[in-house]
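The values are calculated or read from the model by the stated rules, or taken from the named source; none is laboratory data. Small disclaimer: the values here were computed from a predicted structure and weren't measured. Please note: Cβ atoms are built from the backbone with ideal geometry, for glycine as well, and neighbour counts cover all protein chains shown. The protein model used for the area step is the full one, side chains on, heavy atoms only, and it has no ligands, DNA or RNA in it. Shrake-Rupley method; radii C 1.70, N 1.55, O 1.52, S 1.80 Å.
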Amino acid sequence: MTTLHPDQHAAGRLAGLVPDPGAPRPWDPVTGDGTLVDDAYGRAPLVLGDRSFGSVTDTVCGYVEKGPGRWWMPTFLISAHVAALVPLMVGYLIITGVGVWGLNNRIDWAWDITNFVFWIGIGHAGTLISAILCLLKQKWRTSINRSAEAMTIFAVICAGLFPGIHVGRVWMAWMLFPIPNANGIWPNFRSPLLWDVFAVSTYFTVSALFWYMGMIPDFATLRDRAALRMLQQGGPVPWSARLRAYAFGLLALGWRFSQRHWQRYEKAYLMLAGVSTPLVLSVHSIVSFDFATSILPGWHTTIFPPYFVAGAIFGGFAMVLFLLIPSRELFPGMKDFITLRHLENMAKIILVTGMMVGFAYSMEFFIAWYGANRYELDVFKNRATGPYAWAYWTMISCNVISPQVFWVRACRQSPLVIFLVSLAVTVGMWFERFVIIVSSLAQAFLPAQWGMFYPTPVDILTFVGSCGTFLTLYLLFMRFLPMFAMSEIKNVMPQANPHAGHDHH
Amino acid sequence: MSQAVASNRYDPFAPNPAWTKIKPADASFPGAAGLSTGLIGLGVACIAVVAAVALGMVKLSGSESGLKYALFSYHVGFAVALGMSLGSLGVVMILNAFAAGWSTTLRRQFENAAAMLPVVLALFLPVLAAALLAPGKMFKWMDAAAVAGEPLAEHKAPYLNINFWILRAAIFFAIWLFLSWRMVGLSRAQDESGDRRITSRLRAMSCWGLPLFALSLTFAGFDWFKGLDYKWFSTMFGVYYFAGNTLLALALIIVTLALLRRAGRLQGLVTEDHFHDLGKLLFSFTVFWAYVAFSQYFLIWYANIPEETAWYQHRMQGGWQVLGALMIVGHFIGPFLILLFRAVKRSPTLLALVAVWQFLMCSADLFYVIRPMAYPDSSGLEHVWLDVLGWLGPVLVLLGFFARRVASNPLVPLKDPRLHEAMAHKNYV
Amino acid sequence: MSTPHANAMNGNVYATEGGAALYGMMAEFDTPADLTHAAEKVRDAGYADWDVYSPFPVHGMDDAMGNPPTKLPLVVAAIGLSGAGLGMLLQWWVTSVDYRIVVQGKPYDAWQPWVPVLFEIGVLFTAFTALLGMLAFNKLPMWHHPLMKKERFLKVSDDRFVIAIEAADPKFDPQKTRDLLAAAGGKHIELVEE
């Protein structure tokens, strides 16, 4: 152990973790939490609480081994019941037909595609945190990447549901893939909807590989702990402990923390990050092509690809914060890993991406006028003043205005404010997709085509069910899998520096 | 190190031990000044030849096509010079906003390039003069008679009119000059005082400066380059322009640093690991540029709406399609494959060669945007030498002043609080 | 329990007192710094069949061990680019050869619409190769290993740092190797049975 970092000391003492009445005064009496001290010379610690490597292992593995606490089972049961709406609603839809939704001849895409884009967007933050922040060497990512990656996968699962069922005849969905068949026909590779199939399935697969690869060392840690307990306990070993040891052992693939393995592992991780970064961009770009390749006013605009990507990151980070801030309160010791500095950083990303999205909104408006296309301009006027103005202004206030509070330091350092803004952004991003999809279709070229969309209970309950599915999967993840990348967290702790103990500078 | 943090926390002037490790010989290169006069002289000569040819042709033959030709050639050079400087300003602000430590020793060169914005303003004067004295030669909409009765021009007149255009140019330059003056000036002031609060101020300023920068850059791109064809529009254009500018800035700085290293400077300050990361940045902006350029082209190609497609249609015939193909192969696929190799990114010489190539490709990209507008009806590449001179002139002038600035300033921020991070920077994977 | 077998180079047969074949010798270290210094000593002593075990990849360890760079990136790039090529081939064959239908008046052989799927398939191949290639180069999965039978070794996944030198190494010698590890600061030096 090296000497205690002053920030850690201050923060630990303030949190009551270090009982040390004789300790020096907190370094920054204003901000309190040592991670928020802004001094260009030093870097704030990424792990608080004067932790050793062993205590990181104990805490993180403890979440899996001891379970999350009493709140978990009721929460899980409720969300699992909500999730059960999905099979009910989808079953009803398949038996009856897509007429059970509120779609009509004018508005033939509505909540189904809105939900698809909403969920796939949320699924972007995980890979962003793992891949892009990894390439940018942002060390603070290590304590949020695992749960964000998990979120990615669960969100993509929710997203994948909707395109599958919106085609009407679900049993023909296999024709989306290029499978040789008796009819002698092939999918149409010039269709954006087919690109979606490839993009979303690739994204799901690669995210899952990335997630799994990151967990291999942590599975090995859990395996070794289970094995050690079995060795040390003596006497009969309960079946659950044995099951855990075998399950984690199987998943760990025999990882034994060898440096020669680590070398290739880090290389492979970097390469996965390298391909995942353009993959993230491509997936939401391709989703945006669904709209932008058309000639429908409000859909066809060239900024759609980067605008959708920025929006996805925006919405995804909001969801990460929305889940992590409560988890931080519920799990003991988690505040040492997800410090206020982590929250502040994410709040800043919300602010930046929120402004990017705002930039895209205004650019669309400007070019709608500048392009001098009557239809385009009318669609945008209608968005702001027409029958869907309420949705449009909900979107603007949630996505553009609400993140502006993060210009104020106190707001981006307050978990409550961040939580509220992330909730607003999540709502706003759903409305963004709704506005793009429905308001453009609702006022297409001819007044005879104009109309409104009204969701049916089936629409609403399917979406609610998808939220339940997402939450259920996330709760299972919190219960059974390592929520933090232990080896990565240990690597950004001061003790991990091989030059620690003798000053090289 | 933790002890040092403890004792220094509230003393903004406390010295960083890394400061004393910089040898004066490594951090200065007065020799670059010699280059400066030559480059400026050559650049001015190029511009003079272009101007003389243009005016001479008007005088001798009464034909104004030479003037038009010269103006467009010069505009490409101006665009490249602006891109290098403006792109560098963006990089400086991004590095400051991110509180980047690894790049501390590189930042000064980006600052030097950003400090060239007054030169760019001077280079803008011919464009302004052309707009005032020969309206409509470059920007057709400026000639009221030529576009009279054109519905598109009339619709856009509230935005595309000469007074507002000049006002906007003034606003853009005001924003850029202010930002570069503060970003560069404060950083230089820190060289003297070592006040680490300056780093925090720079960071705060970058945070509010970047939105202004993004908007001004986008609309400058609209005004000066997209506006050459007032009929065409693309919401993506600002992003496309940003990507190209950043690539230009990276290319310039990579070459500068490689040359300084060749001259025996920056030992221990800018290492292979820095080149590795600059190479990664060059790689990622190459990919980002390709992504944006392809998306813009692709969406317009796919939707096939006449008023958008015309812009690309013009560039897909009459010889311009060769340039289009070069953009795909030479600006993206080639550098992409080469920069995949770690050895290339870690070698200053090889990376500088790729950077020179990308610099040429970025110039060609701006040429592709600007030059075809000179002759909307044909390819008109009859005086290539004039294009080369028009491109070289502004670029050489800017490089000359840049060399002078490199020579007259410390090569790295001498008293940056994060200097130790940059000096210890290593890519382990 | 396998029978003792001879060291490849010097022909010595190493076995524990119980008669089990010897895998090698392991020593523990407290910190990444100690581990790095010890690894440098083992490297300089000329050992080849040895490895360092740490709960996370210690930065600079590849230099300290003298590990050559891995070939994995070449394999990944080759297979990834081939995958992208295959994706292009599939789309070309389907769209311009086997099933030509007019869609939106676009040419049969327009390359533009093939780019998204081309890219996605390239990424898919790259990602699979990166993960599976990493495992293959590492000879994983391997659910049994002599070291994993050592109780103390199981703490590596928590906070211990270990160097293990294999008996198969030409320079392995029970006494000299033990002395080297001890001189390098190793604690709890013990033999590991096959």
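A few comments on the model shown:
- Here the Karplus curve 6.51 cos²θ - 1.76 cosθ + 1.60, taken at θ = phi - 60°, turns the phi angles of segment B:357-373 into couplings of 4, 5, 4, 5, 5, 5, 4, 5, 5, 5, 4, 5, 6, 8, 5, x, 6 Hz, with x standing for Gly and Pro.
- Taking amide H as placed 1.01 Å from N in the peptide plane, the amide H of residue A:138 sits under 5 Å from none that are at least 5 places away or on another chain.
- Accessible area (Å², per residue) of the protein assembly as shown, counting only protein heavy atoms and a probe of 1.4 Å: 37
- Scaled against the 2.2 N^0.38 Å expected of a compact globular protein of N residues, the Cα radius of gyration of the protein assembly as shown reads 0.98.
- Computed with a 1.4 Å probe on the full set of protein chains, the accessible area for residue A:341 sits at about 40 Å².
- Long-range amide H partners of residue A:102 with built H, under 5 Å: A:456, A:459
- Placing a label point 7 Å from the Cα of residue A:240 along the Cα-to-Cβ direction, the residues of segment A:52-88 whose backbone N falls under 12 Å from that point are A:65-69.
- Largest mean-square fluctuation among B:149, B:279, B:31, in a Gaussian network model of chain B whose springs join Cα atoms under 10 Å apart, belongs to B:149.
- Angle in degrees between helix B:162-193 and the longest Cα principal axis of chain B, rounded to the nearest 10: 10
- Inter-centroid distance (Cα atoms) of segment B:80-106 relative to segment A:360-389, Å: 35
- By the rule of a C-alpha distance below 22 Å, with chain neighbours fewer than 8 residues away ignored, the lysines paired with residue B:156 are A:381, B:137, B:140, B:226, B:231.
- Carbon/sulfur fraction of accessible area - chain A, other protein chains in place, 1.4 Å, %: 69
- Secondary-structure-derived ellipticity at 222 nm for chain A, considering helices only, amounts to -20500 deg cm²/dmol, per-run term -39500 (n - 2.57) for DSSP H runs with n ≥ 4.
- For the pair residue B:204 and residue A:499, a Förster radius of 30 Å applied to the C-beta separation gives a FRET efficiency near 0.40, rounded to the nearest 0.05.
- FRET efficiency estimate (nearest 0.05) - Cβ-Cβ, residue A:183 to residue B:60, R0 51 angstrom: 0.10
- Summed over qualifying helices (DSSP H, 4 residues or more, each -39500 (n - 2.57)) and divided by its residue number, chain C shows a 222 nm mean residue ellipticity of -12000 deg cm²/dmol.
- With DNA, RNA and ligands ignored, accessible area of residue B:140 (1.4 Å probe; Å², nearest 10): 90
- With all protein chains in place and ligands, DNA and RNA left out, the 1.4 Å accessible area ranks C:98, B:387 as C:98, B:387, largest first.
- Rough spin-label spacing in nm, given labels placed 7 Å along Cα→Cβ, for residue C:30 and residue A:108: 7.3
- In order through segment A:241-247: 3J(HN,Hα) via Karplus (6.51 cos²θ - 1.76 cosθ + 1.60), integer Hz, x for Gly, Pro: 5, 5, 4, 4, 4, 5, 4
- Nearest-20 debye value, chain A charge dipole, Cβ charges on Lys, Arg, Asp, Glu: 840
- Heavy-atom accessible area for residue C:132, with the other protein chains in place and a 1.4 Å probe, reaches approximately 100 Å².
- Gyration tensor (alpha-carbon) shape descriptor, chain A, a/c threshold 1.5: prolate
- Karplus-based coupling profile of segment A:73-81, in residue order and whole Hz: 4, x, 4, 4, 4, 4, 5, 5, 5, with θ = phi - 60° in 6.51 cos²θ - 1.76 cosθ + 1.60 and x standing for Gly or Pro.
- Among B:392, B:35, B:366: highest mean-square fluctuation, GNM of chain B, C-alpha pairs under 10 Å: B:35
- For the chain pair A and C, buried accessible area totals roughly 6000 Å², probe 1.4 Å, rounded to the nearest 100.
- Sorting A:76, B:298 on solvent-accessible area from highest to lowest, probe radius 1.4 Å, gives A:76, B:298.
- The spacing between segment A:208-229 and segment B:165-191, judged by their C-alpha centroids, is 52 Å.
- Linear extension gain, residue B:45 paired with residue B:197, 0.36 nm per residue minus alpha-carbon span: 50.2 nm
- Residue A:174 versus residue C:149: modelled label distance in nm, points set 7 Å from Cα along the beta carbon direction: 4.9
- Debye, to nearest 20: dipole size of the protein assembly as shown, +1 on Lys, Arg Cβ, -1 on Asp, Glu Cβ: 820
- Amide H contacts under 5 Å for residue C:23, placed H, 5+ residues apart: C:192, C:193, C:194
- Most to least accessible of C:162, C:103 (protein chains only, probe 1.4 Å): C:103, C:162
- Given A:139/C:41; C:149/C:187; C:149/C:171; A:66/A:335; B:21/B:426, the pairs whose alpha carbons are separated by over 27 Å: A:139/C:41
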